[in-house]
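Where a number appears in this text, it was derived from the coordinates with a stated rule and is not lab data. Predicted model, so just to flag it, every value in this text is computed and none were measured. Note: ideal-geometry Cβ built from the backbone for every residue, glycine included; neighbour counts use all protein chains shown.
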Amino acid sequence: MPYTFRNSSPRAPPAPQSASATHSTGQTYKELKLECQQRGTLFEDCDFPANDASLFYSEKPPVPFVWKRPGEIVKDPQFILGGATRTDICQGELGDCWLLAAIASLTLNESTLARVVPLDQDFGPGYAGIFHFQFWQHNEWLDIVVDDRLPTFKDRLVFLHSADHNEFWSALLEKAYAKLNGSYEALKGGSTIEAMEDFTGGVGEMFEVKKAPENFYDILKKALKRGSMVGCSIDTSSAAESEARTPYGLIKGHAYSVTGIDEVDYQGRKVKLIRVRNPWGQVEWNGPWSDNSHEWRSVSPSEKKRLYQTALDDGEFWMKFDDFQSHFDKVEICNLTPDALEDNAAHKWEVIVHQGSWVRGATAGGCRNFIETFWTNPQIKLQLTEKDDGQNECTFIAALMQKDRRKLRKQGAEMLTIGYAIYESPSNDEQLTKDFFRYHASKARSKTYINLREVSDRFALPPGDYVVVPTTFEPHQEADFCLRIFSEKKAVAKEMDGNVDIDLPELPEPSPPQEETEEEKQFRTLFQQIAGQDMEISAEELEYVLNAVLKKTNNVKFKKVTLLSCRNIISLMDASGNGKLEFNEFKIFWDKLKKWIGIFLHFDSDHSGTMSSYELRLALKAAGFQLNNYLLQLMVLRYSDDQYQIEFDDFLNCLIRLENASRVFQALSVKNRDFINLNISDFINLTMNI
């Protein structure tokens, strides 16, 4: 079977009906549960064991937690009791209010909740100590299984719990989300929109409340009506202000969820209200329209009943929309579909997803401030061909997400500061160069570079070809990313220079002795002195010849050509297969070497004897090798040093191996230029000779 290279080009998202099994055994939830039932045992998850490693990675628990199953805590455990509601979400000893606010919003949409919290599980007949939940991650739905052992202290759940002590769906959901991210500690601190997207696969939009559009009330009303998840928060100016209580009973830096929006008849006029919930429950707004405020005395009993004013959950409150805008700073909306704020509910948006990476020394060029490396970032061409209905422009949302940063916290990773710029593109598909970005301004860009998991913005541009450049703010920062493009009309996206194209000239016939140049005659004399009568030299002898000649070349600064390089040269040029180089083979290689030296000198801009690894793409292209980002990243990892510099000997080895591999492939792909078929013997023989 032919080897197929991994394709990272944009593709349509998978249908949400299926979720991939993630357990290390490869078994699904049903298979694992059946296995436990047949053995008569309760499931114990080896992937997320009931020990301190699953709790914290930077500290030990403040008190000795005891992992217990619900049946060991209460007599009659229930998965869901009387429906999954906002009262089932009470914060414990973990700073994950952002997650709790998202779960509270999740309970407002029954079908979305059933996707994340499958209803095919309980503590009744067939119970096997195993539960599962489904989360969206980077364009894929994952099915996360957990056992039901939960951390407790004095028979009380330590973290998220329900107000009903015998209900456990919310605690188990938090455990599954902790497993997805590596530990409970990994859930400390975050943005509500992050969890909202993981629960829906939707696209998030963030609003600065003080700068929100005039129709902000209508935007929120439509969003809630269509099932979108909405969160809000108050900014802090310092770490000391985090979780500080304002005189009006609001908590700074705390994640709230918006659970309703409406108008109330009050003294002959309509007043716009918004309903907000604090997952903590105990602390509420105490200003106008709070639970016991005098405003409610002037509202009819029927209006109170309609607004559930007398039956609000603990921590839930109404407030005047004007007051909401005065006191809150940010609102996050996760649209369950990208068109959630559109008037036409039947409207479908087109979705394109591109998976990519920023790799130090290759594709981690940083933002436009770093013009010398900015052009090396991944470039995704976006073709907008159709105008929106009744409009002159094409509307789309660009959402850039950095992957797995929360999971990598235990390794010291933090959220990177990310963003993107959008440029009008020339008609060709070649990677845009440094000079292009030096002399062309962007047509659009993310509103800001920020250290959130995702940056997304909505744009309207005329039909045409564009290039999206996703970047970190600083260069040399590594991460995987997912770029999603949602467009009203069908759009096309592909990675610039995403194809591999090799342009190798035919090897020239050696010139006869009587037509040799003066340089070639000098080489022949030196060659004869070293090789002897057979006029063939070994790798060790070639090492001596090349270093002796290149030593006299003043414009090339390098340490030396190594023995390994000489062995690779012989592997490339040795037509007879005897492990030695004939003089004619050496002459052909010398011409090739002079060209490669010229390329190296061109990109060694500071004449230091090294070239920047960020220039490798152009240097290889000048030598006839156009590589995609994945292959380029491999070359940089192999041949550059920790300062992203490539010495001449490493550049030489890179070119030799690329040409050798390309010529072998061309020789074997006689019938099909895209694939070759090899048995194990042929494959080993090929790899040993490259």
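Ordered by packing density, taken as the mean number of other Cβ atoms within 10 Å over each peptide's residues, highest first, how do 183-192, 114-123, 253-262 rank?
Details: 183-192: 21.8, 114-123: 16.8, 253-262: 23.5.
Taking the mean over residues of other Cβ atoms within 10 Å, the ranking is 253-262, 183-192, 114-123.
Net charge within 12 Å of residue 503 by Cβ-Cβ distance, Lys/Arg positive one each and Asp/Glu negative one each, not counting residue 503 itself? Present the calculation step by step, with values, prior to reporting the outcome.
Working: positive: 621; negative: 501, 506, 659.
Here the count lands on -2.
Cα-Cα pairs above 33 Å in the chain: how many percent?
Numbers: 141939 of 237705 pairs.
Taking all Cα-Cα pairs of the chain, the fraction more than 33 Å apart is 60 percent.
Taking the Cβ of each residue in 285, 596, 67 as the centre, tally the other Cβ atoms inside 10 Å and list the residues starting with the fewest.
So the residues, fewest neighbours to most, are 67, 596, 285.
From zero outward in steps of 5 Å, how is the percent of C-alpha pairs of segment 513-688 spread across the bins?
Values per bin, smallest distances first: 1, 7, 15, 19, 18, 16, 12, 7, 4, 0.
Take the alpha carbon atoms of segment 292-325, find their center, do the same for segment 591-649, and report the distance between the two centers in whole angstrom.
Their Cα centres are 68 Å away from one another.
Between residue 225 and residue 57, 0.36 nm times their residue separation minus their Cα-Cα distance comes to what?
Numbers: separation 168, 0.36 × 168 = 60.48 nm, distance 4.08 nm.
Separation in residues times 0.36 nm, less the Cα-Cα distance, equals 56.4 nm.
What's the extension gain from residue 538 to residue 506 if we count 0.36 nm per residue and subtract their Cα-Cα distance?
Values: separation 32, 0.36 × 32 = 11.52 nm, distance 2.49 nm.
Gain in length upon complete extension: 9.0 nm.
How large is the translational diffusion coefficient of segment 20-200 in µm² per second when you combine the Kirkwood radius over alpha carbon pairs with Stokes-Einstein at 20 °C and 1.002 mPa s? Display every interim value, and only then the final one.
Values: Rh = 16.4 Å.
The estimated diffusion coefficient comes to 131 µm²/s.
Could you work out how far helix 169-180 tilts from the main Cα principal axis of the chain, as a 0 to 90 degree angle to the nearest 10?
10
Working from the pairwise distances between different alpha carbons, so that the mean of 1/r is found and then inverted, what is segment 203-335's Kirkwood radius in Å?
15.2 Å is the Kirkwood radius here.
Using the beta-carbon distance between residue 369 and residue 212 and R0 = 45 Å, what value does 1/(1 + (r/R0)^6) give for FRET efficiency, to the nearest 0.05?
Details: r = 29 Å, r/R0 = 0.65.
With R0 = 45 Å, the Cβ-Cβ based efficiency is 0.95.
For residue 270 and residue 480, what does the FRET efficiency come to when R0 = 51 Å and r is the distance between their Cβ atoms, rounded to the nearest 0.05?
On the way: r = 49 Å, r/R0 = 0.97.
Once the sixth-power term is evaluated, E becomes 0.55.
Using the 10 angstrom Cβ neighbour count as an exposure proxy, how do 471, 85, 517 rank, fewest first? Kindly include the intermediate steps, with their values, before the conclusion.
Numbers: 471 31, 85 18, 517 10.
Ascending number of Cβ neighbours within 10 Å: 517, 85, 471.
To make sure I understand, if each residue's beta carbon is the centre and we count other beta carbons within 10 Å, what order do 387, 592, 225 fall in, fewest to most? Don't skip to the end; give the middle numbers.
Values: 387 16, 592 20, 225 11.
Fewest-to-most Cβ neighbours within 10 Å comes out as 225, 387, 592.
Cα axis of helix 583-603 to longest principal axis of the chain: angle in degrees, 0 to 90, nearest 10?
Between the helix axis and the principal axis of the chain, the angle is about 40 degrees.
Taking 41 Å as R0, compute the FRET efficiency from the Cβ-Cβ separation of residue 602 and residue 408 and round it to 0.05. Please list the in-between numbers first.
Numbers: r = 38 Å, r/R0 = 0.94.
The calculated FRET efficiency here is 0.60.
Charges only on Cβ, +1 for Lys and Arg, -1 for Asp and Glu: so what's the dipole of the chain about the Cα centre, in debye to the nearest 20? Working shown, then result.
Working: 78 positive and 101 negative charges, 196 e Å.
Computed about the Cα centre, the dipole is about 940 debye.
So which of 210/272; 434/594; 410/447; 211/387; 188/221; 447/490 end up more than 21 Å apart by C-alpha? Write out the running numbers ahead of the final one.
Details: 210/272 17 Å; 434/594 26 Å; 410/447 30 Å; 211/387 28 Å; 188/221 30 Å; 447/490 24 Å.
Beyond 21 Å: 434/594; 410/447; 211/387; 188/221; 447/490.
For residue 685 paired with residue 74, estimate the spin-label separation in nm (one decimal), with each label point 7 Å from Cα along the Cα-to-Cβ line.
For the pair residue 685/residue 74, the computed spacing is 7.1 nm.
When you count, for each residue, the other Cβ atoms within 10 Å and take the mean per peptide, how do 170-180, 424-434 rank with the highest first?
On the way: 170-180: 23.7, 424-434: 14.9.
Packing order, densest peptide first, comes out as 170-180, 424-434.
How far is helix 629-639 tilted off the main Cα axis of the chain, in degrees rounded to 10, range 0 to 90?
Helix 629-639 sits roughly 60 degrees off the main axis of the chain.
Provide the gained length on full extension for the span residue 387 to residue 155, in nm with one decimal, where the gain is 0.36 nm per separating residue minus the Cα-Cα distance.
Values: separation 232, 0.36 × 232 = 83.52 nm, distance 6.09 nm.
Full extension of this stretch gives 77.4 nm more.
What percent antiparallel are the DSSP beta bridges of the chain, to the nearest 5? The partial results should precede the final answer.
On the way: 93 of 96 bridges.
Of the beta bridges lying entirely in the chain, close to 95 percent run antiparallel.
Given points 7 Å out from each Cα along the Cα-Cβ axis, report the residue 594 to residue 322 separation in nanometres with one decimal.
About 8.4 nm, to one decimal.
What residues qualify as long-range amide H neighbours of residue 45, i.e. H under 5 Å apart, gap of 5 or more or another chain, H built at 1.01 Å from N?
Excluding prolines and chain starts, which carry no amide H, the hits are 147.
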